[in-house]
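Reviewing the structure listed below.
The values are calculated or read from the model by the stated rules, or taken from the named source; none is laboratory data. What you are looking at is a predicted structure, and each value in this text was computed from that prediction instead of being measured. Methodologically, a virtual Cβ is constructed for each residue, glycine included, from the backbone with ideal geometry; neighbour enumeration extends over all protein chains shown. Note: accessible area is taken over every heavy atom of the protein model, side chains too, but ligands, DNA and RNA are not part of it. Shrake-Rupley method; radii C 1.70, N 1.55, O 1.52, S 1.80 Å.
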Amino acid sequence: MKEDVNCAELLHRCHLKSTKPRNAVLTVLAERKTVLTAEEIYRILLEVGGTANLSTIYRVLELFTEKGLVTKSFFPDLRSYGFSLKSGGHTHRIICMSCHKHVDISHCPLSEFEQHVAADTGFEIIGHNLELYGYCSDCSKKTDR
Ligand SMILES: [Zn+2]
Ligand SMILES: [Zn+2]
């Protein structure tokens, strides 16, 4: 597997030391445009001939999530979590439940809503999360819905 220079940079930005498992997981996430589960990342790493350990991958993914490097998304159909590299800036995403491809939506519809909630609850709101689920055009063509 080719070592991506950006990986070291991304890790450095999050004050994380660059280690082999961290680089490997980050490279997989950077190369795929889909949301991947820990098991899928594990399989990909084995396919490219690397050594991989599932519990290490879980630990790395939780660390990345904690540091804001990746986004953890819940898949209702799989009843498990998928992970993907967080894009810079404030974006929302729509995720295909079939192929797990995701598309960033740059428009945020929630700022006005936030102000209402803040006024109603007295909370100082510092952020939010919004993900949309569906089936991409390729996948809905394949299955006759
Ligand atoms: Zn799809
Ligand atoms: Zn937003």
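Here the sum of -39500 (n - 2.57) over DSSP H runs of 4 or more residues, divided by the residues of the chain, equals -12500 deg cm²/dmol at 222 nm, to the nearest 500. One compactness figure for region 88-145 is 1.51, namely its Cα radius of gyration divided by 2.2 N^0.38 Å. For the pair PHE123 and ARG43, label points projected 7 Å from Cα toward Cβ lie 3.7 nm apart. When peptides 127-135, 88-96 are sorted by average Cβ neighbour count within 10 Å, with the highest value leading, the order is 88-96, 127-135. Could you tell me which of rounded, prolate or oblate describes region 1-86, using a ≥ b ≥ c as the square roots of the eigenvalues of the alpha-carbon gyration tensor, with rounded for a/c under 1.5 and, failing that, prolate when a/b is larger than b/c and oblate otherwise? It comes out oblate by the Cα gyration axes. Close Lys pairs in the chain (alpha-carbon distance under 26 Å; sequence gap of 8 or more, or different chains): 28. Computing Rg and the Kirkwood Rh from the Cα coordinates of the chain gives a ratio, Rg/Rh, of 1.02. Taking every protein chain into account, the accessible area of the chain amounts to 66 square angstrom per residue (probe 1.4 Å).
Cysteines in the chain that lack a partner Cβ within the 4.7 Å cut-off: CYS7, CYS14, CYS99, CYS108, CYS139. Among beta bridges from DSSP that stay inside the chain, the antiparallel ones total about 75%.
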